[in-house]
Structures are given as structure tokens and as C-alpha cells.
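Comments concern the structure below.
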Amino acid sequence: MLRRLLAWADKVAALGLLLGGLTDSRPQPRIVTRVVVRSLLVMVLTRLGSLNAVEQTHGSAFWRRFLQRPLPSADTLGRVASRMDPEPVRAALRDLYSCLKRHKALPPPWHGLIALVLDGHESHATENRLCPECLERTIHTSHGEHIQYYHRHVTVMLLTGDFPLLLDAEPQKPGEDEIATALRLLARVLKNFPRAFDVVLGDALYTDPRFYNFVLDHGKDALTVLKNENRDLMVDARALFEIHTPQRFTEGSTTREVWDLQGLLSWPQVQQPVRVVRSRETTTCRRQLDGQRQSQEADWVWATTLSVHRASTRAVVDLGHARWKIENRGFNETTNRWAADHVYKHHPIAILVFTLMTMLAFNLFYAFYRRNLKPAYRSRHDAQHVARCLASELYQGLAESRAPPP
Ligand SMILES: [Zn+2]
């Protein structure tokens, strides 16, 4: 399965060419960067989770065939990653997207709008400064206060009608806020994926005029969670909710009362009037414990620049909820199942390279699972099963007596 996935990746996304073109800044690299990159890609694809775990598979027959030379040591893998240029990994992400698009593997959702979701994510925190790019904050406890160091990046995920794709990530720099990082990332995403998406989604933090005006200036729409009770827009919207009659939708076990207010002028910092949509939702379900029916209520409010001609009320509600996919699929899944938060090597370039490599592995895995494996096979084997098959191939024929890695 692993060899099949890598052969497919080579064919569809010209990964071999891209990975072969990678270089690093070492003056006289003893081990070709290509070997290191191929080793790292397999490490993230098989979700081994650490450089030491991959080093322990050095006797595997898989490496001899795949690398045509011994697997580099954990030290070498980490050292080379900290001197690599991350751009070719971004190019591989772009190449895979283009290939899937060309093969019509990225259909839009029912409403026809493809969304890009932005979100910040903190990978880890420590009590010691370990590199010059560590961000810092003061933690107040009952024993006093201390400085904590951490890394944070903004990620973008594309929501197609089939499976989500992680497109790019940008580290937050010391002294800047998340919106500044996000705009730098968006500028690159607009250049690399200009026609990939229609609307950009964000949480309440992104209900910020810098973000809205930037998105509008580039011909896209914005949709974000509206929360701030003090904001004039929210105050005016709340007053209008009182006098407007909501529409009602029922989908499965969820009933929604939805207010859709267009052309609001109460946010003059944004260059055009905005639309506010509120969804008050009741979902009924049966409790597993005693089989009793119980209902859960939620109240969502979103601000958006999408016009009614581009997005119906139902489409705005659907897009608003779709933002959660970056939390569930993007962060929870990559953290819990792909070891995305593991600090393989504490170096700002290595942290970025491992983040981008994990995104590439995530996309390759799901594109392979959804597009290469037959539906009949998928109906009997879930993605977790396929992931375990990939890892098991590294352990086949593992001999204890192999020579140590260089
Ligand atoms: Zn650091």
C-alpha cells in the first residue's frame, strides 16, 4: 500500500521531480537532500511521530528499495530539515492541488462556493526560550508570574465538496498579531491558488476590518463569526432580530430559525455594507445512557460580504458551520493522528518544514484514499485501516543485524 501510494504520488503530482529539486543550505551535503526529504515524507505519511521512531526502522527492506541507500540518522534528518528551503514543499502542495483540479477531483459543495478557512494554531509551549523565533507571553499563577515561550502558525484549508485540502501555513513572528500573519499568508495563497476559492472563512478574531478589506480588494468574499457584543454592527443586528420574523429550516434532527439581514451600514471601517445571518438551532438526539430524548440549543451569528445572489441564506449557514472543519479535520486530526504538534527539531525552519510536510502527507493520503482506492475497498476498509497498513510496511522484514545508520 505504501509503495503504491508513493508511486501514485510520483505519477499524479510529479512529486519525484519536485522532491528531487529540493536543496538545503549546507555547503557540502554528504547525504543528498532528496534522500532526507523522501525519508521525511515517508515518516509523516506513516505517522511514526518522531525522528527516533523512523531511525529504528533503518533495517527495513522498504528503505533499501525506496532510497537506494541507507536511511539517514535521526540527527541528520533533523539537521537537514532545519536548513531546508520550505518553498519546494509549498510547490509540491500547489502541484498536488493543480493535479487534483485537472482531474476534476475537487467538486464544489451543493451551493457552488468553495471556501478557504483560516485559523491560527499553537503547536507547543515551553518554559525556556529555545530559538530566536519563539513567541513569548506572561503567565500569571497563584505563585507569581513567569514567561512562557511558544510557536504559533496560521493554516489555510480548502473545503471542497469531497475532502478538505491543507494548502499552506505561515509562522507568526515575534511582535505581530494573528491577523498580520494571516494577511501575509493570504497574499501568498492568492498568488499560488488564485482561482481555487470564492470565500474566506474565519472565527470571531477575523471580524476585523483589515481582514475584510484585504479579502474584498482581492475579489473574494469574507464570512466570519460575529461575537463582540459592543460592536455597533452586533448592537444594530440584535435590534433588527427583534422585529424581523425568522425563516425556519429543518435538516435531519436540527431545526433552525434563521434571520438574514442585508446591507447593514453599521461597520463603516469595511468598504461595503455587510450582511448578518443568525441561526438559532435546536438539535434533538437520544441519550446513549438511558435512551431519553434531549435537545441541544445553539445560537450562531455570522457577518459576511456574500450577496444574496451568490449565497442563499441556507448557503451562508452551511458555510458558517463548515468553518469547524479546520478545527476537526485540520487541527484535531493532524494533532491526534498525524503528530503535527510534535517538535521534531526545535528550529524555526524545521518546525515550518515539518508542518508543511505533514500537510502534504495529509493531502496525499486523502487524495489517494478517496481517488485511487476503489469504492468497494473503501466500503470495507476505513482510512484508519489504510493508515495502519502504510506503517506496517516499514516494519516488514525488519532485521536486527543491520549496520547502524551513518
Ligand atoms: Zn522557538
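Observations on the structure shown:
- Any hit, region 346-365, residues being surrounded by fewer than 16 Cβ atoms within 10 Å (Cβ to Cβ), part of a helix (DSSP H, G or I) and in contact with a Lys or Arg (Cβ under 9 Å, 6 or more places away or on another chain): no
- Enumeration of residues in region 134-149 that are among the small types (Gly, Ala, Ser) and either in a strand (DSSP E or B) or buried (at least 21 other Cβ atoms within 10 Å of the Cβ) (or both): Gly144
- The number of residues in region 81-118 being within 30 Å of His347 (Cα to Cα) and among the polar types (S, T, N, Q) comes to 1.
- Test: Asp232 is among the acidic types (Asp, Glu) and modelled with pLDDT under 95: yes
- For Thr245, the requirement of being open to solvent by 70 Å² or more (accessible area, probe 1.4 Å) and not charged (D, E, K, R) is met.
- Within region 57-79, restricting attention to residues that are surrounded by fewer than 17 Cβ atoms within 10 Å (Cβ to Cβ) and not charged (D, E, K, R), the residue that is nearest to Arg3 (Cα to Cα) is Ala61.
- Filter result for Ala311 (within 26 Å of Val200 (Cβ to Cβ) and either crowded, with 17+ Cβ neighbours inside 10 Å or touching a residue at least 40 places away in the same chain (Cβ under 8 Å) (or both)): yes
- Residues within region 385-396 that are without any contact (Cβ under 8 Å) to a residue 24 or more places away in the chain and either among the acidic types (Asp, Glu) or open to solvent by less than 90 Å² (accessible area, probe 1.4 Å) (or both), tallied: 2
- Tabulated pairs, region 123-140, first within 12 Å of the ligand (Cβ to nearest atom), second of a type in the set (S, T, N, Q), C-beta under 6 angstrom, 6+ apart or interchain: Ala125/Gln148
- First in region 97-111 and charged (D, E, K, R), second anywhere and at pLDDT 90 or above and open to solvent by less than 50 Å² (accessible area, probe 1.4 Å), Cβ under 8 Å, 6 or more apart: Lys101/Ala196
- Extreme residue, farthest from the chain's Cα centre (by Cα), among residues of region 102-124 that are exposed (fewer than 15 other Cβ atoms within 10 Å of the Cβ) and outside any loop (DSSP other than H, G, I, E, B): Arg102
- In region 202-226, the residues that are surrounded by fewer than 16 Cβ atoms within 10 Å (Cβ to Cβ) reach residues that are among the basic types (Lys, Arg) with C-beta atoms within less than 7 angstrom, at least six apart or across chains, in these pairs: Ala204/Lys227.
- Residues (among the charged types (D, E, K, R) and either open to solvent by less than 80 Å² (accessible area, probe 1.4 Å) or not in a strand (DSSP E or B) (or both)) located in region 278-298: Arg278, Glu281, Arg287, Asp290
- Residue check, Ala303 part of a loop (DSSP other than H, G, I, E, B) and of a type in the set (A, V, I, L, M): no
- Residue ID - farthest from the chain's Cα centre (by Cα), chosen from residues in region 55-91 that are of a type in the set (A, V, I, L, M, F, W, C) and closer than 18 Å to Leu360 by Cα: Leu77
- Checking Arg188 against (1) within 18 Å of Leu356 (Cα to Cα); (2) within 15 Å of the chain's Cα centre (by Cα), the condition it does not meet: (2)
- Residue ID - farthest from His103 (Cα to Cα), chosen from residues in region 150-186 that are open to solvent by less than 40 Å² (accessible area, probe 1.4 Å) and within 16 Å of the ligand (Cβ to nearest atom): Tyr150
The values are calculated or read from the model by the stated rules, or taken from the named source; none is laboratory data. From a predicted model like this one, the values you see are computed outputs, not experimental measurements. Cβ: placed from backbone, ideal geometry, glycine included. Neighbour counts: every protein chain shown. We work out accessible area using only protein heavy atoms, side chains counted, and drop any ligands, DNA or RNA first. Shrake-Rupley method; radii C 1.70, N 1.55, O 1.52, S 1.80 Å.
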